[in-house]
Amino acid sequence: MAITLSGDQAIPAPPLSSRLTPAQVWGIVLLAPYLLVFLAFVVYPVCYGLWLARAPANYVALYNDPIFARAAVNTLIFLVIGINIKMLIALFLSGFFAQQRTWIKWLSVIFILPWAVPSIPTILSVRFMLNPEWGVINHLIFSFTGDDGPNWLNDPTVALTMAIGVHIWKSLPFWTLILITGRLAIPHDLFEAAEVDGASWWQKFRFITWPSMQTLYVTCTLLSMIWTLGDFNSVYLLTGGGPADLTHVLSTLGIRYLRLDQLSLAMASIVVAMPLVLPLVYFMMKRLSR
Amino acid sequence: MKLPTLREVGNEAKLLLIGIPVFIWTMIPIYHMFLFAISPKEDAFSGKLWPDHPTLHNFHIVFYQEHYFLRDFWIQFWNSTVIALAAGGLTLFIATAAAFSISRLKVPGGRWVMNLALFTYFIPAAFLAVPMYRTMGNYGLLNNHWSLILAMVTIASPYAIWVLKQASDKLPVELDEAAVMDGATTLQLFRLVYLPLMMPSLVAIGTYAVLLAWNEYLYAFLLLSKDTNITLPVALGNFLAADDSPWELLMTTGFIYALPPAAVYYAFKRYMVGGLTAGAVKS
């Protein structure tokens with residue numbers, strides 16, 4: 001050791017280029033395009049946005065805006081109720097689709113359609129179905145009962161429920177697919193052993209399926225919550241935030257402020273969401289970057 | 001031929017009791033869209049479950065741009081295609097280079113860049129849209145296709161890099177060492193060893209980025225606004241501007257717009273399921 005150490009450390013570090021191997025130089029060159037994109041379209045916009053939202057007056061204005069309070073509550077309902085219902089259905093359906101049947105295989109091919117097609121036309125399709133005068137739902141209600149159906153999207157509670165429904169329709173297949181892969185990874189002999197011991201359906205789920213899927217399920221739920229914060233389409237294209245701006249969520253509210261030319265308010269509404277987003281992101285990063 | 005036991009029949013019935021509602025739930029909005037596409041206006045608006053006179057006339061109107069809302073249909077279709085392909089190609093280039101650099105060349109600080117990318121991946125895209133819109137204005141790119149292409153690359157790259165890095169970490173180091181031993185330069189290593197081995201993941205990521213850009217609504221509608229440079233989803237949204245929108249034409253256009261991504265998805269399904277779901281959530 002003593003001999004090999006002799007010269008190296010006394011000499012000041014040589015310039016960067018000669019310290020790097022050619023492979024490392026290439027490494028930096030190949031990483032540069034992404035770094036440029038990152039600096040120009042993530043770092044700069046985020047810093048600029050934070051700078052725009054710096055004035056405390058923005059937050060006072062937000063606090064006093066009833067639409068903001070409503071949007072925050074709607075977002076929480078969307079996340080806490082909507083996502084949990086979606087994930088429970090996905091967990092249930094993953095068990096269904098894990099059954100070995102030819103017709104279930106075919107059904108799973110169809111089931112993935114909402115995920116495979118773009119959301120805009122299908123959301124607009126639902127929107128027209130709910131049209132009080134011309135939509136197929138109220139036509140059916142009329143032909144069965146002789147009464148006019150409700151004006152679906154004119155009631156904020158119903159409208160938000162429908163937006164959550166549209167969101168579930170769109171993203172349920174994806175999460176079901178992920179949970180199916182989790183289920184199929186459970187060794188099959190565990191179930192066979194349980195069968196021999198006469199375990200009930202619930203006992204098999206409680207003591208075999210759930211313990212091995214717990215982590216995956218929680219990860220999926222958190223990830224879905226983060227992404228749903230950015231679900232602009234389900235609300236904007238179905239209700240447009242209406243009636244009377246009562247069904248906004250944070251993602252559509254930011255765009256609403258932007259369209260009203262209140263950019264600093266738009267940024268402030270996003271900054272306010274950060275205490276909710278950042279812990280979730282931190283948690284996900286810890287899980288995924290190993 | 002053995003007759004099924006009562007228990008088997010009961011089991012099958014229980015499965016059907018789940019399967020049928022799932023089928024109906026999945027198909028309703030899609031069937032409704034298809035129904036409108038093949039219905040004349042009177043049939044569509046009368047709430048029928050099958051039109052009295054099914055017709056392809058709506059498709060004729062769309063293809064020949066015979067309506068005020070559709071006068072730029074083909075150019076919008078072209079815009080969507082160009083933007084999706086450009087975003088896909090650029091994402092693929094940037095992400096592959098970055099993943100190779102981080103995973104195979106072990107560039108200093110690579111792990112740090114990976115974490116930054118992952119962080120971006122988790123920030124909801126709708127939140128980044130507001131500052132991104134303003135930034136594109138500052139760069140003078142509003143109403144320019146590059147703004148949407150670059151925005152899509154920004155959003156698609158983090159996940160692309162992450163999936164490609166996971167995939168390339170699995171390739172044995174000995175391959176690289178053997179190639180270097182034989183005198184391969186870094187670029188030859190990249191081109192002749194790395195790219196061929198990564199092909200399945202590259203197909204998956206390319207498809208992912210193309211579909212992401214094709215399907216994007218929010219950024220497209222913020223960044224592009226002229227009738228001749230918007231993409232199809234923005235044009236669909238613009239139908240809503242009128243009170244008496246021709247919904248049967250809107251649904252026809254939507255149906256046409258939805259076909260290519262669905263076809264691409266099913267064509268590349270085996271890559272998508274293997275390459276993306278494995279990467280999407282690690283248990």
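The values are calculated or read from the model by the stated rules, or taken from the named source; none is laboratory data. Every value quoted in this text rests on a predicted model; they were computed, and no experiment measured them. Note that each Cβ is placed from the backbone with ideal geometry, even for glycine, and that neighbours are counted across all protein chains shown.
Checking A:120, A:104, A:112 one by one, the residue that is free of Cβ contacts under 8 Å to residues at least 60 places away in the same chain, in the same structural domain as residue A:179 (by TED's automatic domain parsing) and not polar (S, T, N, Q) is A:104 and no other.
Among the residues of region A:230-242, the ones that are touching a Leu at 6+ places or on another chain (Cβ under 7 Å) and either more than 19 Å from residue A:115 (Cβ to Cβ) or outside the structural domain of residue A:164 (by TED's automatic domain parsing) (or both) come to 1 in all.
Looking across region A:109-134, the residues that are more than 18 Å from the chain's Cα centre (by Cα) and more than 7 Å from every other protein chain (Cβ to nearest Cβ) come down to A:109, A:127, A:130, A:131, A:132, A:133. On inspection, residue A:170 fails the criterion of being crowded, with 18+ Cβ neighbours inside 10 Å, within 18 Å of the chain's Cα centre (by Cα), at pLDDT 95 or above and assigned by TED's automatic domain parsing to the domain that holds residue A:230. Please go through region B:59-105 and pick out each residue that is facing chain A (nearest Cβ under 9 Å) and outside any helix (DSSP H, G or I). Scanning region B:59-105 gives a single hit, B:105. The numbered conditions (1) part of a helix (DSSP H, G or I); (2) surrounded by fewer than 20 Cβ atoms within 10 Å (Cβ to Cβ); (3) aliphatic (A, V, I, L, M) are all true for residue B:141 except (1).
Residues in region A:48-63 that are within 8 Å of chain B (Cβ to nearest Cβ) and either touching a residue at least 40 places away in the same chain (Cβ under 8 Å) or over 30 Å from residue B:113 (Cβ atoms) (or both): A:49, A:52. Tell me whether region B:187-200 contains one or more residues that are assigned to a helix (DSSP H, G or I), polar (S, T, N, Q) and crowded, with 18+ Cβ neighbours inside 10 Å. For region B:187-200, residues assigned to a helix (DSSP H, G or I), polar (S, T, N, Q) and crowded, with 18+ Cβ neighbours inside 10 Å: absent. The single residue among A:221, A:209, A:181 that is under 23 Å from residue A:282 (Cβ atoms) and not hydrophobic (A, V, I, L, M, F, W, C) turns out to be A:221. From the list B:50, B:78, B:25, the one residue that fits, being under 21 Å from the mean Cα position of the chain (by Cα) and aromatic (Phe, Trp, Tyr), is B:78. Just one residue in the set B:203, B:210, B:153, B:234 is assigned to a helix (DSSP H, G or I), at pLDDT 95 or above, closer than 19 Å to residue B:81 by Cα and not charged (D, E, K, R); that residue is B:153. Listed by first and then second residue, the pairs linking a residue in region A:171-200 that is more than 14 Å from chain B (Cβ to nearest Cβ) to a residue that is outside any helix (DSSP H, G or I), with Cβ atoms under 9 Å apart and 6 or more places separating them unless they lie on different chains, are A:191/A:199; A:193/A:199. I'd like the full set of residues that are loosely packed, with under 14 Cβ neighbours inside 10 Å and part of a helix (DSSP H, G or I), limited to region B:42-56. Selection gives B:42 alone. Tell me whether region A:25-47 contains one or more residues that are surrounded by 19 or more Cβ atoms within 10 Å (Cβ to Cβ), hydroxyl-bearing (Ser, Thr, Tyr) and at the interface with another protein chain (Cβ under 9 Å from one of its Cβ atoms). Yes, because at least one residue in region A:25-47 is surrounded by 19 or more Cβ atoms within 10 Å (Cβ to Cβ), hydroxyl-bearing (Ser, Thr, Tyr) and at the interface with another protein chain (Cβ under 9 Å from one of its Cβ atoms).
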